[in-house]
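A.B. asks: Take this structure first; my questions come after.
The values are calculated or read from the model by the stated rules, or taken from the named source; none is laboratory data. What you see is a predicted model; the values in this text were computed from it and never measured. Because the Cβ atoms are built from the backbone with ideal geometry, glycine has one as well, and the counts that use them run over all protein chains shown.
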Amino acid sequence: MPAVEVLTFAGIDVSGRELSVALRHGPGDHKPALARFPNHPSGHKALVAYLLRGGGRVRVCLEASGNYSLDLALTLHANRQVEICVINPRRARRFAESLGERSKTDPVDARVLCEYAARMPWVPWQPPSPVALHLRALTRALADLGAIHTQQNNRAHAAAASQALSALVVKEMQRHQK
């Protein structure tokens, strides 16, 4: 089976609420089209339709941004017409600097990621196994709980050391800590 040439490239800047997308068709298209989609399942579905409206394969690049990008990456990876690369945010920033891009806005980041998809050697993203995803969620939850516990210990210590705070506040903090 011969390799299909990719002519459509996209860069997606992911935030908690929104996906900023830069899309360009072919090597002669130097000014990518910009679009925005909500970062939730129906927005992901609309984004996939938008990416595939040209009919060919699409090469998509986005930054690894934890849970905000994971669901999108999994959705894109599930479509056989989409090739996806998830890169380290520091690599994306260095690439932007190499292009002389000093601004850091969502549309600029999307355009930079689109350029990355078109120019750089392609390393396809492989999703983590379900077991790895489960372990990742558990370890992150444990780390978060550990940080919360430390914060509460520090607050309780500071409250107990203060003579200005009401005994009721100190007692409530100790109760919450337990």
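A.B. asks: For segment 120-136, give me each residue that is exposed (fewer than 12 other Cβ atoms within 10 Å of the Cβ) and either out of contact with any strand residue (DSSP E or B) (no Cβ under 9 Å at 6 or more places or on another chain) or without any contact (Cβ under 8 Å) to a residue 40 or more places away in the chain (or both).
C.D. replies: Within segment 120-136, PRO121, VAL123, GLN126, SER129, PRO130, VAL131, ALA132, HIS134 qualify.
Residues are listed down the side, and each one gets a yes or a no for (1) aromatic (Phe, Trp, Tyr); (2) closer than 16 Å to SER65 by Cβ; (3) loosely packed, with under 11 Cβ neighbours inside 10 Å; (4) without any contact (Cβ under 8 Å) to a residue 40 or more places away in the chain:
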residue: ALA92; (1), (2), (3), (4): no, yes, no, yes
residue: ASP109; (1), (2), (3), (4): no, yes, no, no
residue: ARG140; (1), (2), (3), (4): no, yes, no, yes
residue: ALA143; (1), (2), (3), (4): no, no, yes, yes
residue: GLY146; (1), (2), (3), (4): no, no, yes, yes
residue: ASN154; (1), (2), (3), (4): no, no, yes, yes
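A.B. asks: Taking segment 26-46 only, how many residues are at pLDDT below 95 and small (Gly, Ala, Ser)?
C.D. replies: Of the residues in that region, 3 qualify.
A.B. asks: While we're looking at this one, here's another question. Based on what the data block shows, is LEU19 over 13 Å from CYS114 (Cα atoms), assigned by TED's automatic domain parsing to the domain that holds GLU115 and part of a helix (DSSP H, G or I)? Lay out the reasoning, then the answer.
C.D. replies: Values: over 13 Å from CYS114 (Cα atoms): yes; assigned by TED's automatic domain parsing to the domain that holds GLU115: yes; part of a helix (DSSP H, G or I): no.
When the stated conditions are applied, LEU19 does not pass them.
A.B. asks: Applying the selection to segment 22-50, what residues are assigned to a helix (DSSP H, G or I), farther than 19 Å from CYS85 by Cβ and of a type in the set (A, V, I, L, M)? Reasoning before the result, please.
C.D. replies: To start, the set of residues in segment 22-50 that are assigned to a helix (DSSP H, G or I) comprises 41-50.
Then keep just the ones that are farther than 19 Å from CYS85 by Cβ; that gives 41-43, 45-46, 49.
Within segment 22-50, ALA46, ALA49 qualify.
A.B. asks: Against the definition (part of a helix (DSSP H, G or I) and either at positive phi or not assigned by TED's automatic domain parsing to the domain that holds ALA73 (or both)), how does ALA143 come out, yes or no?
C.D. replies: Taking the combined requirement at face value, the residue satisfies it.
A.B. asks: Would a scan of segment 65-78 turn up a residue that is farther than 18 Å from PRO38 by Cα, at pLDDT 95 or above and either not aliphatic (A, V, I, L, M) or not assigned by TED's automatic domain parsing to the domain that holds LEU19 (or both)?
C.D. replies: The answer is yes, given that some residue of segment 65-78 is farther than 18 Å from PRO38 by Cα, at pLDDT 95 or above and either not aliphatic (A, V, I, L, M) or not assigned by TED's automatic domain parsing to the domain that holds LEU19 (or both).
A.B. asks: Going by what's in this entry, would ALA73 be described as under 18 Å from the mean Cα position of the chain (by Cα), among the aliphatic types (A, V, I, L, M), part of a helix (DSSP H, G or I) and at negative phi?
C.D. replies: Numbers: under 18 Å from the mean Cα position of the chain (by Cα): yes; among the aliphatic types (A, V, I, L, M): yes; part of a helix (DSSP H, G or I): yes; at negative phi: yes.
Answer is yes for this residue.
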